[in-house]
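Below is one structure, written out as structure tokens; the observations come after it.
The values are calculated or read from the model by the stated rules, or taken from the named source; none is laboratory data. Everything numeric in this text was worked out from a predicted model, so none of it was measured. All Cβ positions, even for glycine, are placed from backbone atoms using ideal geometry, and neighbour counts span all protein chains on display. Remember, those area values only see protein heavy atoms, side chains included, never the ligands or the DNA or RNA. Shrake-Rupley method; radii C 1.70, N 1.55, O 1.52, S 1.80 Å.
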Amino acid sequence: DAGITQSPRYKITETGRQVTLMCHQTWSHSYMFWYRQDLGHGLRLIYYSAAADITDKGEVPDGYVVSRSKTENFPLTLESATRSQTSVYFCASTSGILSYEQYFGPGTRLTVT
Amino acid sequence: AQKITQTQPGMFVQEKEAVTLDCTYDTSDPSYGLFWYKQPSSGEMIFLIYQGSYDQQNATEGRYSLNFQKARKSANLVISASQLGDSAMYFCAMREDNYGQNFVFGPGTRLSVLP
């Protein structure tokens, strides 16, 4: 199916475990983003990528790692999950044109116990 | 400094009435875009409307319009003829052309439409 997908949709993990959230888009958009959404904070940018093999930190990158070996995929890894990383994670993509909105995935609800 | 400010954590409006959701922004980039998104209780992010910094006219999309006052750095969303399905969180966001392509989001306003 065309669009932007995230997997898993729900994940429960334990403190200290590594977990990877997947994001896949079919539009060949150059830019991809990871946000976390917490009550009272809106959406905060974790990492973004301008193209394959080009990534950069956002507002809250600590504890997260990203890679982008292919244009369509942008996985987010929590190397050693902490309870403070319990959140809803959104992946988004957009073209490089200013007027184009970001298209969001459905979100992944991650709980770290 | 906060780049996007939404001062109304929650708003109530009567069905069929109009409502204005406030958004102010801060940027030194002359080229930027402003966006509004809706997030219903189901959680997905839905794009509503876009306004470019060089656009001369206010953007409109159906029942949504954007009251863009560039000198005041405000980009308020106006929803006309509110419907029960408009109850949701609304986020204002900005994209600066010369400071990377990432979006900055405000904290959101929760709109409740009363029957």
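Quick notes
- Heavy-atom accessible area ranking, 1.4 Å probe, most first, across A:Met32, A:Met22, B:Met11: A:Met22, B:Met11, A:Met32
- Cα-based reach from B:Lys70 at 17 Å (exclusive), listing lysines while leaving out same-chain residues under 8 positions away: B:Lys3
- Percent of C-alpha pairs per 10 Å bin in region B:35-115, short distances first: 17, 49, 28, 5, 0.
- Within 10 Å of the Cβ of each residue in B:33-43, the mean number of Cβ atoms contributed by other protein chains is 3.
- For A:Ser84, solvent-accessible area (1.4 Å; no DNA, RNA or ligand), Å²: 80
- With θ taken as phi - 60° and the Karplus curve 6.51 cos²θ - 1.76 cosθ + 1.60 applied, the whole-hertz 3J(HN,Hα) list for region A:77-83 is 10, 9, 5, 8, 4, 10, 4 Hz, x standing for glycine and proline.
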